[in-house]
1. Starting with the fewest neighbours, write out Ile342, Ile115 ranked by other beta-carbon atoms found within 10 Å of each beta-carbon.
2. How many Å³ per residue does the convex hull of the Cα positions in the range 212-335 occupy?
3. Provide the packing ranking of 303-311, 326-334, 280-288, 119-127, i.e. peptides ordered by the mean count of other C-beta atoms within 10 Å per residue, highest first.
4. Please build a GNM for the chain, connecting alpha carbons under 10 Å apart, and tell me which residue among Ile167, Ile80, Ile220 fluctuates the most.
5. Using the Karplus curve 6.51 cos²θ - 1.76 cosθ + 1.60 with θ = phi - 60°, what ³J(HN,Hα) values do you get for each residue of the range 42-49, in whole Hz, with x for Gly and Pro?
6. Counting other beta carbons within 10 Å of each residue's own, what order do Trp227, Trp169 fall into, fewest first?
7. Compute the Cα gyration tensor for the range 1-98, then decide on rounded, prolate or oblate, letting a ≥ b ≥ c be the square roots of its eigenvalues: rounded whenever a/c is under 1.5, prolate when a/b is larger than b/c in the other cases, and oblate in all that remain.
8. Projecting each Cα onto the charge dipole of the range 212-335 (Lys/Arg +1, Asp/Glu -1 at the beta carbon, about the Cα centre), which of Val238, Ala273, Pro283 comes out farthest on the positive side?
Amino acid sequence: MAPERQIFDPDGDVLFILSSTSKLTLEELGLTNQPQPDSPHVLMQVSSKHLMLASPVFKAMLTSPFSEGQTLARTGHVDIELPEDDCVAFTILMNVIHSKGRKVPSVLSLKLLAIVSMLVDKYQLQEIAAVFSDIWIREMALVVTYFYDDTVFYDRNIDVLTHWLLIAWVFRHTVLFEEVSKALVQAARFPLPAVPDEVPIPQSIFDAIDARRMKCLSEIFREVSGWVDHYHEKPWNVSCTGATETPSSVSCTSTTETRRNCDTQVLGSLIRACSVCFIWPTPKRPYTGHSVQGVLERIAELNVISLCDILHPERSNNKGHWVANDILEVCNELYLQGGLDIGVFAKDCAEQDSKGEN
Ligand SMILES: [Zn+2]
């Protein structure tokens with residue numbers, strides 16, 4: 001059977017030849033059933049003028065000294081094989097380029113949007129795709145994983161977040177990039193793997209996310225160990241202030257000996273509680289298996305009990321002398337620190353591109 005021929009411009013002078021097999025599953029395409037293609041290829045008849053206007057990459061390809069450009073100039077038409085490009089994502093972008101807006105879907109699956117983003121990056125189509133990319137991101141954000149108005153990611157799956165990071169990066173979406181990078185810092189339980197060759201995210205972005213995750217965890221663990229040190233490094237000091245924080249009640253309810261015993265109780269209780277949730281002894285870099293979010297959830301459950309709590313349950317309004325709460329407060333602040341600024345990476349990228357051109 002002859003391959004399917006998609007005509008984007010009946011006078012089109014460029015014929016793209018792509019594999020007819022998409023990289024996406026039926027579910028990712030939003031289909032329940034699709035007939036098997038008759039041919040291993042799909043043909044797309046397109047206009048060189050539209051391509052060159054939309055994309056500096058196509059412009060370079062279709063002008064001399066490239067062989068495609070020479071053929072086009074000599075014969076008036078050219079066939080170009082694009083075996084790497086996904087036919088479904090490519091069709092969407094050809095419709096965008098040829099101003100066939102009604103044929104462009106407003107809702108894409110996350111993986112399809114990620115693949116479209118990779119093609120947008122490859123052919124530098126950000127400008128012409130801008131109107132649609134805003135719609136795609138907004139629709140997806142509302143439907144799938146991301147509450148746009150609250151700017152909070154609920155889906156903490158690393159693959160999902162990495163797809164979002166790619167989309168945010170390619171379309172230079174400042175808010176989305178900050179939020180998704182923050183979610184990755186909070187959710188990753190391991191250093192991120194190296195960016196695959198075909199994914200156009202600079203390695204420096206993954207490195208920055210890893211560095212933030214590591215810094216956040218190290219500060220959390222330092223806060224915990226700081227409290228342990230506080231209690232055991234100077235055992236002659238007395239931290240316990242009695243069953244309430246007011247000096248008058250201290251003097252009438254607690255002797256120095258009782259308060260010293262209370263410190264011992266807090267120290268033992270703190271170490272035991274931290275051991276139970278795997279944050280004592282202090283984990284070692286790169287904190288494999290620990291996410292910032294997971295550690296914080298465990299810290300929120302820390303059960304530190306003082307002797308004052310035991311001797312004066314009716315008076316104690318500062319359970320465990322507030323040690324667990326103090327740790328939690330500091331860690332909450334660390335947790336909420338912002339994500340990455342896309343401007344920094346975009347600037348680096350632009351500088352590298354201009355160096356490459358010179
Ligand atoms: Zn006490």
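1. Least crowded to most crowded, the residues run Ile342, Ile115.
2. Numbers: hull volume 12.0 nm³, N = 124.
Hull volume over Cα atoms, normalised by residue count, gives 97 Å³.
3. Numbers: 303-311: 20.1, 326-334: 15.9, 280-288: 13.8, 119-127: 18.4.
Top to bottom by mean Cβ count within 10 Å: 303-311, 119-127, 326-334, 280-288.
4. Between Ile167, Ile80, Ile220, it is Ile80 that shows the largest mean-square fluctuation.
5. 10, 9, 10, 8, 9, 9, 4, 4
6. Values: Trp227 20, Trp169 24.
Lowest to highest Cβ neighbour count: Trp227, Trp169.
7. Working: a/c = 2.27, a/b = 1.87, b/c = 1.22.
Here the range 1-98 falls in the prolate category.
8. The one lying farthest along the dipole's positive direction is Pro283.
None of the figures in this text is laboratory data; all of them are computed from the coordinates on show. None of the values given here were measured: they were computed from a predicted structure. Methodologically, a virtual Cβ is constructed for each residue, glycine included, from the backbone with ideal geometry; neighbour enumeration extends over all protein chains shown.
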